[in-house]
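Structure first, then comments.
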């Protein structure tokens, strides 16, 4: 039972690390980046290519992945999303086009990685960091799980606080509320958007590296499956709320673990979709969503 | 578009499009029976066959390996002048890119192209299920490898040169007994037909024969990447044997997390863990044992001959079972053509049926067929951390 | 001609199915309803048609009709449940519905064939029947894009409050779009199952939502013509790209991304803009009008609408 709880917390932390970047971009500058999963995977893939050549420790691998993710995210923003936003006639149309643009862009890193790995799994076997397991009175937890849980909580809560109290955070939230007014008030939307996408990409890369260590292996398709889970976490927590995505990730993980332990495991997928549907039906703004976010 | 002109144009376009489509449909419906290629008493100088396999996408490693097997076989057939001094077998390759619709479309194109005598179908079950009715309905011989689900070998024209996993997996019973496994936990990929069958029917079906009970059975989803929860659940029942029946990256992940959870006992797997899929797990992957239809480690005369031939064309590479299956599939076709004495599709189908019922020796050993479907006893292999080794007894 | 037809039969069939499927999303989109539940209905009908055919050997046309109608009702019920939602929230809720259908299909045991799916649903359906179905649908939809009904639909999309003020029962229009979406999605799924004689969970997953969305956005979301163009392009593009060899999947992604950026109103929108620009080149009205043509359209729509209701007539 305690082991199940630890597993659920670890799983929730994985979802959180992945969803943080997506939620940040979506909740503040309104960009639902469908390429997030692809960036996540390709950052890990980049780190894999380098680690294969040079034996590197954990921190270096994570750094490489985070930088790769940040670079890719900015590239997508500058090359795809900004031109779309410039040409869009209203925010609703822009949302659709960004969605499709993200989907299109997502296919490119996926295809490149598939080409090089022939869709075989890849991992950081050549890294100098080896995963240790700790046995604490019957329950087991690995060093990577501890790092993931710690980082997820620190980053999740930290970013939520930062958005609340800092000036930059305030500026970002104001863009989410009313872009035109915020720009009149002197907020440099473009610079803030680029900064946000950089951070979101770095978070994706960080998540990619840590998840690869945790699972031991990733395939090029690994990013796509996590996107739907991220949706569920964000919707349950409330779009636009960083505290929401933190809580949402753990709620999702716990729900999935409960379903797994109580049934034979066939309905675990239905949990994320069912949660999305139920939350949207009965409490559209999720647990912590703000009403003032214009997402309709 | 506003205004009456726009409206007229719209309506006109609609009617015109409808008319064009109706004409196309009329042409199509009168197309009639796509008969077999022109029959001739002697063989033509070129007999063309097309391989529609995933060279990119999730099943790429299997599709690419199969294509290599076809190439090795066809080169041997031509070098030996097996079909006659003046007849060559020619292979075309098309990439299904892992998409069912593409695979189906390529099958249709091949059927319509009278120069093709046969199709080497996709290794992917889902693609094959879409291809099989197309080929069978149009009387085009299609030979599949892998593609282990139902709905593939559905008629006279569909052949499969890979035994379904459920037919040879029971060979694991000996290993189970040797390891003294009495309480087995099963964590299986419930979203793939083959592993669902093995996990829910075939493996539990060996319980009385091999002397174990299934203490835990957990189905996982396609989206399951982290196995700590299913593993905890399985270990809670304190099994002395665990079966991890997964595809692709789930294998090294599950093995790694299984060892991290403190389990040191025997682990059963499936051929989804082969082709080096377990490499990322490093030492944690060692010990996983499963049954394959073919392993190059199983040194028999026919296998060694095939391995030598394969390594002449692809040096320093060990052939995978996908390549061996394809090699034997190509030889089934060649024997069928020789038996038929013509390049006519129906005659070749009958020739292959005769060859199958008589059986023949291929890379994978003595090949016996049940109808159009291969049967093999199976070979038990184990991953030792860096490579596959044979398990005897 | 015949050989081209035979060789590409699957693609031709898929184009029609793709058209119906894309339309099932385009119709609600035209009403401003971001519902993707047409894909879920596609899944339900795909399995329903296969089950009917395999177990009861029902006539193909009856199967298609029945599946379409049942899905229309199903989608109506769904539409009533999610009526409060709008925009991306509605989209997400309907995508969740689609995915739940997919999970039920995988776990459906003997009824749905589980992960293997169903095969052997053989009927004597002909291409003529499929073409006629599509033709009827297209003509019906083309009619709804013209005249008063067309303008009403546009108003419901652009400004629901104004439409309500004008006496249009917005909720009825929205629910009607759910019915039509369900019927079209259901027809598409049933036709596909009968043409392929097989159905499996992978046929009805998230990738269909992505495909339908891509077809509409790039083809043009405003009209049935956009759905047709999108269906043609994205059914045939993979085989056209085959000549590129191993990089085809990359090029496909690049094309979609480029189109999303540079052709935001879809190809139909591009053609409309070009046509409009051509007409404006004519002398006399060389006023420097902003390139964005939406205000013109909305103004015209409102003017026409005002005329329609000037006599106090409602819906």
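The values are calculated or read from the model by the stated rules, or taken from the named source; none is laboratory data. Since this is a predicted model, take the numbers as computed values, not measurements. A quick note on method: Cβ atoms are made from the backbone with ideal geometry, for glycine too, and the neighbour counts reach across all protein chains shown.
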Looking at segment B:173-187, can you tell me whether even one residue there is within 29 Å of the chain's Cα centre (by Cα), under 21 Å from residue A:254 (Cα atoms) and either without any contact (Cβ under 8 Å) to a residue 40 or more places away in the chain or in the same structural domain as residue B:277 (by TED's automatic domain parsing) (or both)?
yes
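Before we move on, is residue A:243 surrounded by 24 or more Cβ atoms within 10 Å (Cβ to Cβ) and farther than 21 Å from residue B:58 by Cα?
No: the conditions fail for residue A:243.
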Only one of these conditions is not met by residue A:290: (1) more than 10 Å from chain B (Cβ to nearest Cβ); (2) modelled with pLDDT under 90; (3) under 30 Å from residue B:248 (Cβ atoms). Which number is it?
(3)
Residues of segment A:2-59 that turn out to be within 13 Å of chain B (Cβ to nearest Cβ), over 20 Å from residue A:249 (Cα atoms) and surrounded by fewer than 22 Cβ atoms within 10 Å (Cβ to Cβ), as a count:
1
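Show me the helices (runs of 4 or more DSSP H) found entirely inside segment B:123-200 where at least 1 residues are under 23 Å from residue B:233 (Cβ atoms) and within 11 Å of chain C (Cβ to nearest Cβ).
Details: elements: B:125-137, B:165-168, B:172-178, B:193-197.
Result: B:193-197.
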If you check C:191, C:232, C:263, which single one turns out to be over 11 Å from the mean Cα position of the chain (by Cα) and at pLDDT below 85?
C:263
Quick check on this structure: which one of B:237, B:264 is under 25 Å from residue B:177 (Cα atoms), touching a residue at least 40 places away in the same chain (Cβ under 8 Å), within 14 Å of chain A (Cβ to nearest Cβ) and not in a helix (DSSP H, G or I)?
B:237
Out of all the residues in segment A:218-239, which are over 14 Å from the mean Cα position of the chain (by Cα) and either outside any helix (DSSP H, G or I) or at pLDDT below 90 (or both)?
A:218, A:219, A:220, A:221, A:238
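Of the residues C:138, C:183, which is modelled with pLDDT of 90 or more, facing chain B (nearest Cβ under 8 Å) and within 19 Å of the chain's Cα centre (by Cα)?
Details: C:183 fails: facing chain B (nearest Cβ under 8 Å).
None of the other options fit; the residue is C:138.
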Out of curiosity, is residue A:215 under 16 Å from the mean Cα position of the chain (by Cα), farther than 27 Å from residue C:87 by Cα, within 14 Å of chain B (Cβ to nearest Cβ) and surrounded by 22 or more Cβ atoms within 10 Å (Cβ to Cβ)?
no
Of the conditions (1) crowded, with 20+ Cβ neighbours inside 10 Å; (2) not in a helix (DSSP H, G or I), residue C:167 satisfies every one except a single condition; which number is it?
(1)
Tell me, which residue of segment B:202-227 that is over 30 Å from the mean Cα position of the chain (by Cα) and buried (at least 17 other Cβ atoms within 10 Å of the Cβ) is nearest to the other protein chains (Cβ to nearest Cβ)?
B:215
For residue C:264, the lone unmet condition from (1) free of Cβ contacts under 8 Å to residues at least 12 places away in the same chain; (2) more than 29 Å from residue C:83 (Cα to Cα) is (2)
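Sort through B:37, B:42 and tell me the only one that's at pLDDT below 55 and away from chain C (no Cβ under 12 Å). Talk me through it step by step, then tell me what you get.
Values: B:42 fails: at pLDDT below 55.
So the residue among B:37, B:42 that is at pLDDT below 55 and away from chain C (no Cβ under 12 Å) is B:37.
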Any chance segment C:34-56 includes a residue that's under 22 Å from the mean Cα position of the chain (by Cα), part of a helix (DSSP H, G or I) and without any contact (Cβ under 8 Å) to a residue 40 or more places away in the chain?
no
Condition broken by residue B:248, with the remaining ones in (1) within 7 Å of chain A (Cβ to nearest Cβ); (2) touching a residue at least 40 places away in the same chain (Cβ under 8 Å); (3) over 21 Å from the mean Cα position of the chain (by Cα) satisfied:
(3)
For segment C:141-150, name all the residues that are in a helix (DSSP H, G or I) and at the interface with chain B (Cβ under 10 Å from one of its Cβ atoms).
C:141, C:142, C:143, C:147, C:150
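Using the structure shown, decide if residue B:103 is within 14 Å of chain C (Cβ to nearest Cβ), crowded, with 20+ Cβ neighbours inside 10 Å, modelled with pLDDT of 90 or more and over 28 Å from residue B:314 (Cα atoms). Talk me through it step by step, then tell me what you get.
On the way: within 14 Å of chain C (Cβ to nearest Cβ): yes; crowded, with 20+ Cβ neighbours inside 10 Å: yes; modelled with pLDDT of 90 or more: yes; over 28 Å from residue B:314 (Cα atoms): no.
It is false that residue B:103 is within 14 Å of chain C (Cβ to nearest Cβ), crowded, with 20+ Cβ neighbours inside 10 Å, modelled with pLDDT of 90 or more and over 28 Å from residue B:314 (Cα atoms).
When the residues of segment A:105-149 are narrowed to those that are closer than 22 Å to residue A:61 by Cα and within 14 Å of chain C (Cβ to nearest Cβ), which ends up surrounded by the fewest Cβ atoms within 10 Å (Cβ to Cβ)?
The extreme case among them is A:116.
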